[in-house]
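Here the structure comes first, spelled out in structure tokens, and everything after it is commentary.
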């Protein structure tokens, strides 16, 4: 009556013609004698299993994969906030004095930046990894706010990167990369010990900012589809197998080349949304991730794809 029919102890007592205290003693006796066994399926246990499996399959150190347990009542936007909060708390102890931290702007990093706790450091620098301007806006308000929050959290100097997300022509980028002001920012990027980024996806249910913010026109999107692109990190695109050679937009993009990003000692990737699993898989195959934070639904989708 109590465990299978969800009756209250008072209701059981009335039906059996006895007292509530007697019902309570009978329930305690049933547990003590093993007639009733209670098993708790903790969401943390499930998360730990997913962490271990993801680490094994993708060659990441097990303690560096963090799966945020799923809460069924949350929608995708609320789940993103939960993952962003977890990521902000995870990042804080990783930041040390005299460090250079590269930040890629995007929806996930924007959410994460709002949950950062202060950890004062000395001589640290936060540097923007990719330009944010497009044909509609210079992107300064959006990208600058994200970078500024990271800088304030760690008492770090801030190096913005006031160039377009994509140049119209590869040769324009080549000439701009020779400018001393740009070379200075690129030099700071080359000293990164930690990079923090999300994964952009063409097919995400919550569109990545690079695909929804006016950065790509119809011909750009068609080109990405023809080249088999599944996602991007810091506006640098890759395929499902992690390759990026021959993707035309990468010759015009301002994010760090994937080969350069792989040289950064620690690379923290934060992903929320099962629809990004395909793009995340490409990033993992590209060897871009040393530390991964994702929600449980995305972890399950990632492992299902891999299987």
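Each value in this text was obtained by applying a stated rule to the coordinates, not by laboratory testing. These figures come from a predicted structure and were not determined experimentally. Every residue, glycine as well, gets a Cβ built from its backbone with ideal geometry; the counts of neighbours run over all protein chains shown.
The Stokes-Einstein estimate for segment 168-229, based on a Kirkwood radius over Cα pairs and taken at 25 °C with 0.890 mPa s viscosity, is a diffusion coefficient of 169 µm²/s. From most to least packed by mean Cβ count within 10 Å, the peptides 213-224, 26-37 give 213-224, 26-37. Volume of the convex hull of segment 43-306 (Cα atoms only), normalised per residue: 115 Å³. Taking 7 Å steps out from each Cα toward its Cβ at residue 19 and residue 152 produces label points 6.2 nm apart.
Which of 101, 12 comes first, and how do the rest follow, when ranked by fewest Cβ neighbours within 10 Å? The partial results should precede the final answer.
Details: 101 26, 12 19.
So the ranking, lowest neighbour count to highest, is 12, 101.
Calculated mean residue ellipticity, 222 nm, the chain: -12000 deg cm²/dmol, from DSSP H runs (n ≥ 4) at -39500 (n - 2.57) each, averaged per residue and rounded to 500.
If you take every DSSP beta bridge whose two residues both sit in the chain, what share of them, in percent to the nearest 5, is antiparallel? Working shown, then result.
Details: 7 of 31 bridges.
Around 25 percent antiparallel, to the nearest 5.
Per-peptide packing, taken as the mean over residues of other Cβ atoms within 10 Å, places 151-161, 180-190 in the sequence 151-161, 180-190 from highest down. If you model segment 21-112 as an ellipsoid using its alpha carbon gyration tensor, with each semi-axis the square root of five times an eigenvalue, the axes come out at 41, 17, 14 Å, biggest first.
Between the Cα long axis of helix 20-32 and the first principal axis of the chain there is an angle of about 70°, rounded to the nearest 10.
Structural descriptor for the chain: relative contact order 19 percent, calculated from alpha carbon pairs under 8 angstrom and at least 6 residues apart.
All Cα-Cα separations within segment 42-177 were binned at 5 Å from zero, giving a P(r) of 2, 10, 15, 16, 16, 15, 13, 10, 3, 1, 0, 0, each value a whole percent of the pairs. For segment 233-290, the alpha-carbon coordinates run over 29, 26, 18 Å along the three principal axes, in decreasing order.
With a 10 Å Cβ neighbour count serving as the proxy for reagent exposure, in which order, fewest first, do 254, 125, 18, 90 appear? Mind showing how you got there, number by number?
Working: 254 24, 125 20, 18 13, 90 16.
Ascending Cβ contact count within 10 Å gives the list 18, 90, 125, 254.
Give me the percent of DSSP beta bridges within segment 172-307 that run antiparallel, rounded to the nearest 5. Could the numbers behind the result be given before it?
Numbers: 6 of 15 bridges.
Roughly 40 percent of the DSSP beta bridges within segment 172-307 come out antiparallel.
Helix 180-189 and the longest principal axis of the Cα set of the chain meet at an angle near 30°. Angle of helix 296-306 to the longest C-alpha principal axis of the chain, folded into 0 to 90 degrees and rounded to 10: 70°.
Placing a label point 7 Å from the Cα of residue 220 along the Cα-to-Cβ line, the residues of segment 228-256 whose backbone N sits under 19 Å from it are 228-239, 244-256. Applying the Kirkwood pairwise sum to the alpha-carbon positions of segment 110-263 produces a hydrodynamic radius of 16.3 angstrom.
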